[in-house]
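Note sheet for the following structure.
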Amino acid sequence: MATDQTIKSVLAVGAHPDDIEIVCAGTLAKYANQGVKVSIAVATDGSAGHMIIPPKELAEIRHQEAENAAKVIGADFYWLGYGDEFLFEDINTRMGFVELIRKAKPDLILTHSPEDYHPDHRVLSRMMFDASFVSGLKNVETESPYHPGVQPLYYFDTISGLNFQPTEFVDITDTFEIKQQMLSCHQSQIKWLKDHDDVDFLFMTETVIRTRGYQCGVKFAEAFRPEMVWPRPRPYRVLP
Ligand SMILES: [Zn+2]
């Protein structure tokens, strides 16, 4: 049983380039400021989301944008490159996520809520739950050695906050500008959301974190909910 009550390494996994920045960049920036090792992983290549740029070229652009955003807080960056819109649960994919966890060695995992809007988000949510259990099993071999234990798993807010009942908040007022800087790395996505959904990316994100802040009495906040199954919970706060 772990007795050390501090988080030293956090892994945030998002389905698409930009998801992490939308829902938890302020929290990750806070961890980074506290000296916690932060790893950011992007599951799919983001190649589907554009009206003009073709898939291969788009994947390269979005890879670079996501990596630049991770660099803002000095996070380790993992690009898994699964097909955008086609993340499925199978043995190979699950083992890919097991290997990711073994490389990043987190003691806390952040990922999408199982009830979020996008098929890739929902699949990834379940995949991280499954893979984070398997990653601790020595007899299931991948390239890297097994990562002992079962980590707490927190779901971050849904896109726009719909269908998500938070139980914990992180005050990100101090890291708001870093979050904006990370979001601004995603120039291709800013254009896509404008063309496809008539959404102003930065304004949309700010609206949600202002609302979450209002709910917990600060200017800006990000919202979370822990996965409450044995043996995931901890008797101390794991969020910054
Ligand atoms: Zn997404």
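The values are calculated or read from the model by the stated rules, or taken from the named source; none is laboratory data. As the structure is a prediction and not an experimental result, all values here were calculated from the model. Every residue, glycine among them, receives a Cβ derived from its backbone with ideal geometry; neighbour counts consider all protein chains shown.
Observations on the structure shown:
- Residues of the stretch 109-143 that turn out to be within 16 Å of the ligand (Cβ to nearest atom) and in a loop (DSSP other than H, G, I, E, B), as a count: 7
- Test result for His50, touching a Pro at 6+ places or on another chain (Cβ under 8 Å) and crowded, with 17+ Cβ neighbours inside 10 Å: no
- Test: residue in the stretch 144-167 that is part of a helix (DSSP H, G or I), within 23 Å of Ala75 (Cα to Cα) and away from the ligand (no atom under 15 Å from the Cβ): no
- Counted residues, the stretch 46-77 - those being assigned to a strand (DSSP E or B) and farther than 20 Å from Gln181 by Cβ: 0
- Flag if Met182 is surrounded by fewer than 17 Cβ atoms within 10 Å (Cβ to Cβ), among the hydrophobic types (A, V, I, L, M, F, W, C) and within 16 Å of the ligand (Cβ to nearest atom): no
- Leu80 vs. criteria within 13 Å of the ligand (Cβ to nearest atom) and either over 27 Å from Arg210 (Cα atoms) or in a loop (DSSP other than H, G, I, E, B) (or both): no
- Inter-residue pairs, beta-carbon under 9 Å, first within 24 Å of Asp84 (Cβ to Cβ) and among the hydrophobic types (A, V, I, L, M, F, W, C) and in the stretch 120-142, second more than 16 Å from the ligand (Cβ to nearest atom) and part of a loop (DSSP other than H, G, I, E, B), 6+ apart: Val123/Glu89; Met127/Glu89; Phe129/Glu227; Phe129/Val229
- In the stretch 1-42, the residues that are away from the ligand (no atom under 13 Å from the Cβ), of a type outside the set (Lys, Arg) and touching a Pro at 6+ places or on another chain (Cβ under 7 Å): Ser9, Val10, Leu11, Thr27, Tyr31, Gln34, Ser39
Rundown of residues vs (1) under 30 Å from Arg234 (Cα atoms); (2) at pLDDT below 95; (3) loosely packed, with under 15 Cβ neighbours inside 10 Å, yes/no style:
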site	(1), (2), (3)
Met1	yes, yes, yes
Val13	yes, no, no
Cys24	yes, no, no
Val36	yes, no, no
Val42	yes, no, no
Gly46	no, yes, no
Phe97	yes, no, no
Leu100	yes, no, no
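- Those residues of the stretch 139-163 which are among the aromatic types (Phe, Trp, Tyr) and either crowded, with 20+ Cβ neighbours inside 10 Å or closer than 24 Å to Glu67 by Cβ (or both), in sequence order: Tyr154, Tyr155, Phe156
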